[in-house]
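The structure appears right after this line, and notes come after that.
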Amino acid sequence: MRRTDREVTDFNAVVDILRRADTIRLGMHAGEHPYVVPLSFGFEVVDGRVILYFHGAKAGRKHDLLRANPHVCVEADIFHRYVMNPGGPTTMYESFIGFGLAEPVTGGEAAHGMELMLTHCGFDGYAFDLGALEHTEITKITLDTCTGKRHVEENW
């Protein structure tokens, strides 16, 4: 990271950025060009590792790409605002980037992932229809690494 003064080094602070983000962007291998999609998500930290979940249809380009190569990059950010600082215009932001492996999950783990997604999206305790999981693919991403970066006014 070139701007180490903006690096977030505390793991809990990095996870807090993810907690406050509303969307992740999933980057996948797609041949000549990467393929990136925005997703709603849920997550938890288990044994010091971030585990994310997302859902979608059981078919489509995203799932084809993940089956071909499950190694992914995940990005999330929080835009605060544009400001004028002493050196000129800049952006106040916080960001999260992680690298890991994606895999479909079923049964109890899929239900757990759906509960985490509902909680993150503001519907904690919503009693969803477990039968809907038959028509939905829940994907788990176990991150090997994650980093954070921020540029907020107290960094000036």
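The values are calculated or read from the model by the stated rules, or taken from the named source; none is laboratory data. This one's a predicted model, so the numbers in the text were calculated from it and none came from an experiment. Glycine also receives a Cβ, built like all others from the backbone with ideal geometry; neighbour counts cover every protein chain displayed.
So the values come out like this:
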item: Scope the range 98-122; condition of a type outside the set (A, V, I, L, M) and either under 10 Å from Lys140 (Cβ atoms) or in contact with a Phe, Trp or Tyr (Cβ under 6 Å, 6 or more places away or on another chain) (or both); matching residues; result: Gly100, Glu103, Pro104, Glu109, His112, Gly113
item: Qualifying residue in the range 51-64 (condition: touching a His at 6+ places or on another chain (Cβ under 7 Å), at pLDDT 95 or above and surrounded by 10 or more Cβ atoms within 10 Å (Cβ to Cβ)); result: no
item: Failed item, numbered, when Ala111 is tested on (1) surrounded by 13 or more Cβ atoms within 10 Å (Cβ to Cβ); (2) of a type in the set (Gly, Ala, Ser); (3) under 18 Å from the mean Cα position of the chain (by Cα); (4) outside any strand (DSSP E or B); result: (3)
item: Residue that is modelled with the lowest pLDDT [pool: residues in the range 133-156 that are of a type in the set (A, V, I, L, M, F, W, C) and over 22 Å from Arg61 (Cβ atoms)]; result: Trp156
item: Subset of the range 14-40 (residues that are over 21 Å from Asp144 (Cβ atoms) and among the β-branched types (Val, Ile, Thr)); result: Thr23
item: Test for Asp77: is it at pLDDT 95 or above and at positive phi; result: no
item: Residues of the range 127-141 classified as farther than 16 Å from Phe41 by Cβ and out of contact with any Lys or Arg (no Cβ under 8 Å at 6 or more places or on another chain), total; result: 7
item: The range 1-18 - residue that is surrounded by 13 or more Cβ atoms within 10 Å (Cβ to Cβ) and of a type outside the set (Asp, Glu) and, of those, modelled with the lowest pLDDT; result: Arg6
item: Candidate set: the range 114-140, residues that are in a loop (DSSP other than H, G, I, E, B) and free of Cβ contacts under 8 Å to residues at least 60 places away in the same chain; chosen: the one surrounded by the most Cβ atoms within 10 Å (Cβ to Cβ); result: Phe128
item: Filtered residue count, the range 141-156, keeping only those that are surrounded by fewer than 18 Cβ atoms within 10 Å (Cβ to Cβ), of a type in the set (Val, Ile, Thr) and either free of Cβ contacts under 8 Å to residues at least 12 places away in the same chain or part of a strand (DSSP E or B) (or both); result: 3
item: Residue count, the range 66-84 (criterion: in a strand (DSSP E or B) and surrounded by 12 or more Cβ atoms within 10 Å (Cβ to Cβ)); result: 10
